[in-house]
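The structure appears below as structure tokens.
The values are calculated or read from the model by the stated rules, or taken from the named source; none is laboratory data. It should be emphasised that the depicted structure is a prediction, and the values quoted were computed from it without experimental measurement. Please note: Cβ atoms are built from the backbone with ideal geometry, for glycine as well, and neighbour counts cover all protein chains shown. Surface accessibility is based on the protein's heavy atoms, side chains included, excluding ligands, DNA and RNA. Shrake-Rupley method; radii C 1.70, N 1.55, O 1.52, S 1.80 Å.
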Amino acid sequence: MKKTKKILCVAFILSALFTLLALPSSAFTTVASKEYTVGGDLDEFIHNDPIDNGYGRIRSHFNRFLINETGVDTMHNSYRQFGMVSFGDRTNSTNWAEPGEWTDRYDVRVDSLGTATYSMMR
């Protein structure tokens, strides 16, 4: 009996994970987005942009030391959220963060001059 319960529990968890992974990006709402030009010989930066009347922040990074990369981390005081950074055909998402907590920073590689988009999703 215990073995059957364990198998059913594992099957349920795997089913839930596959369902979450299969959700289209339209299942999430974009709270706010910022765009900055990155790459080439541009200076490195960290922008800490307030959004949603100051209740949240999108922190955008560009680092060209050794390898060009751009990253994002986000925080909102009212709800769970995560960040996304996109450059060309590359996109990376952060972990989910609880209200009032920052996500971890996630980066994408920048191999040319272009526009990066930094977003907060919920």
With all protein chains in place and a 1.4 Å probe, Leu42 shows an accessible area in Å² (nearest 10) of 60 Å²
Largest-first ranking of Val31, Val108 by accessible area, probe 1.4 Å, whole protein assembly kept, is Val31, Val108
For Ser78 the rounded accessible area (nearest 10 Å², probe 1.4 Å, non-protein molecules ignored) is 70 Å²
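Ordering Ile46, Ile51, Ile67 by accessible area with a probe of 1.4 Å, largest first, what comes out? If you can, show how the numbers build up before the last one.
Working: Ile46 115, Ile51 10, Ile67 75 Å².
Largest to smallest exposure gives the sequence Ile46, Ile67, Ile51.
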Expressed in square angstrom to the nearest 10, the accessible area of Phe62 with a 1.4 Å probe stands at 10 Å²
Two pseudo-spin positions, 7 Å from Cα along C-beta at Ser78 and at Asp104, lie apart in nanometres by 2.9 nm
